[in-house]
Every structure is written in C-alpha cells, then in structure tokens.
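Read the structure below first, then the notes.
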Amino acid sequence: MAEHKILFTGTMGAGKTTAIAAISETPPMRTEARNTDESVAKPTTTVGMDWGEITLEGGETLRLCGTPGQQRFAFMWPVLARGALGLVILIDNSRPDPLADLDVYLQGFAGLIAEAACVVAVGRTETHPAPGLDAFAVRMQARGVLCPVVPANVTRRDDVLLLLHLLLLQLEARGGALATTS
Amino acid sequence: MNISPRVRKAAEAAVDRLMRDLRGIKSVVIATEDGFEVAGHMEGQAQLARMSALASSLSALGALAGEEGHVGICEALTIEAAHGQLLMVRARHDEVDLIVCIVASRDAVIGQVLYTAKQVARTLRQA
C-alpha cells in the first residue's frame, strides 16, 4: 500500500507536535528537549522531528512529520521536506508579528510549496483576531503563493483533519488519487 | 538562555581540557539540549551556533533511535565521515542538560576521544 508524507511546520509553540498527536493512529515519535529559550514560555521544544501516521479511507498511509520551528534548526527543513506531498504551516497569532513568521516558512519551504500542496492554519485567533485571515492571504499573494488560509485549533482532532482534507483536495485537483481521511 | 556562571565556567574548562589533552581535535562545542551554545572552540561564532543546533538535533534523534530500537538511553553518538568523526556525549545536569560535541580528524584516536569526552561529561554533570 502506498505511503505519503505530509509536513507540519511553524513557529515554536504553534502546535506542530500537538497537531500530529491529535490525529496520529500510532504513538507519535518525538524529539523534545528542555527549553532554555526564556522568550517562549514553554517547557520543551522539538529539536529533531515529530512523527506520526494516519490511514486514509483507501488504506493508504499518511506519514505526518513535524519540523523544529526555530530558524536555528533550518538545516533540518530540507531534510524533512524531501518527498513530502503537502505542507501545513501553523501560525501562532498571539506572537508579535505573525505575518513575518509566515514569511520565514514561505521562504524556508519555497521549493516544497512550488511542487506540493500547502495550507496555512492560523491558531489562537479567538484571543488574537489580528491580523485577520485576509492579511495572510494578501501576504502570500505578494509572495506568489496561492493556498488556503484557515483558522485552526490544533488541539481539536477535527480541525487538524480539516487541514489534511484541504491538502488532499489540492492534490486531487492536480490529478492525484489519494482518498480522504476518515 | 539562563545558564549559571558556574555551569558556563565548567563548560569552558571542559572545552579547554578536550582541546589540550586530545590529538586531532578540530573543534569542540558544548551546547544545551535545545541547541544553544554554552562554550566552544571553533572558527567563527556562526559555525558555533550551527554546530550547537546540529548537535541538539542529532542527539535527540539518537535518543529516539535508542528508544525505538529498545536498546535504552542513548548517551553517546558517533558519526564516521570520510575525513574524520563527530562524537556527541550527553551530560545531564540538574540545571540544564548539555551535549558535548567533538569534531575529530582521522589523526584522533577515537577510543581515547570517547573516554575523555565521557569523563568531561561526568565532570559537567557534577558542576
């Protein structure tokens, strides 16, 4: 049975590890280290990768791979992006400049975005509504990227599944034949 | 990053010892588990930062491989390359977990490097 890889990226604390844990059918593999960066109130941070799996309706397996978020780990990004069919960019709207954060990942994964499906998921919009989704769409358009931008709470399984659906729809539109997630 | 002067001083002393006592050492970095440099001997600050992050990722992947392979906790990781070796040893400290990362040329006696690196890690744990 075919296997495919979807990559989750975004800033530290945006919810990459949480998103994968929310939908993975197997216990996720994690590489978390004690966080010493005092600018982010978070006890641990991913320094290598996260890994999970989910089965599609057709029996195909989606491998869910999470990157470290910080730019000092950017050397891991192309390694993990290799062979991915889709990219989920998680944005934490409570951070000081979420649009600048988006730029980092649009640039860091430009090669993958040009070839694969992409969706941008904006988190913590309930408490931090600005910038709005339109601002992200405009920013992406200015960078020549056209992909869905949606609000998401990645602690909710349904929200994460919706992100996968959006990726799979793009792949189907391009002629792929992946079934949707159950 | 909040590292106490005591730990930082111990890390600097550890770097000095490794550079002084071992033959064929190209560079030494002592980094936090999450990839920030604490002390090091390497050409250029940027290289120090990159190697610290790299040591963090590799060490975490080594730990994951140990778990998944059911062979226990990974305390040391060795990478053999065409012109030398990279060696990473963990030093678990109450305040901050550290990684000792050594880049050695083919001239280095790798058993000696590993032995000394583990001694240094033990000293750091008690700092």
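Tabulated results
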| read-out | value |
| --- | --- |
| Simple Cβ-charge dipole of the range A:3-173, Lys/Arg +1 and Asp/Glu -1, about Cα centre, in debye nearest 20 | 360 debye |
| Using alpha carbons only: equivalent-ellipsoid semi-axes of the range A:1-153, gyration tensor based, whole Å | 23, 19, 15 |
| Given charges at beta-carbon only (K, R positive; D, E negative), |dipole| of the protein assembly as shown in Debye | 880 debye |
| No Cys partner within the rule (Cβ under 4.7 Å), chain A | A:Cys65 |
| Chain A: antiparallel DSSP beta bridges as a percent of all, rounded to 5 | 35 percent |
| Cα gyration tensor category, rounded, prolate or oblate, for chain B with a/c compared to 1.5 | rounded |
| The range A:4-37 and the range A:69-99: distance between their alpha carbon centers, rounded to Å | 11 Å |
| Three-way shape label, the protein assembly as shown, alpha-carbon gyration tensor, a/c 1.5 | prolate |
| Radius 12 Å from Cβ of B:Gln47, net charge of other residues (Lys, Arg +1; Asp, Glu -1) | 0 |
| Shielding by partners - mean other protein chain Cβ count within 10 Å, residues of A:25-32 | 3 |
| Burial ranking of peptide ranges B:55-63, B:1-9 (average Cβ count within 10 Å, highest at the top) | B:55-63, B:1-9 |
| Shielding score for A:36-42, defined as the mean number of other chain Cβ atoms within 10 Å | 3 |
| Relative contact order for the range A:43-107, counting Cα pairs under 8 Å that sit 6 or more residues apart, in percent | 21 percent |
| Shielding by other protein chains, B:52-60, mean Cβ within 10 Å | 6 |
| Considering only the protein assembly as shown, percent of DSSP beta bridges that pair antiparallel, nearest 5 | 60 percent |
| Euclidean distance of C-alpha centroids, the range A:103-168 and the range B:52-90, integer Å | 34 Å |
| Charge sum, other residues only, whose C-beta stays under 13 Å from B:Ser56's C-beta, Lys/Arg counted +1 and Asp/Glu -1 | -2 |
| Sites excluded, GluC sites (Glu not before Pro) in DSSP loops with at most 15 other C-beta within 10 Å, longest stretch of chain B | B:44-94 |
| Check: the range B:5-125 dipole with +1 on Lys, Arg Cβ and -1 on Asp, Glu Cβ, in debye | 440 debye |
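No value in this document is a laboratory result; all are computed from the given coordinates. These numbers were taken from a predicted model, which means no experiment stands behind them. We place every Cβ from the backbone using ideal geometry, glycine too, and count neighbours over all the protein chains shown.
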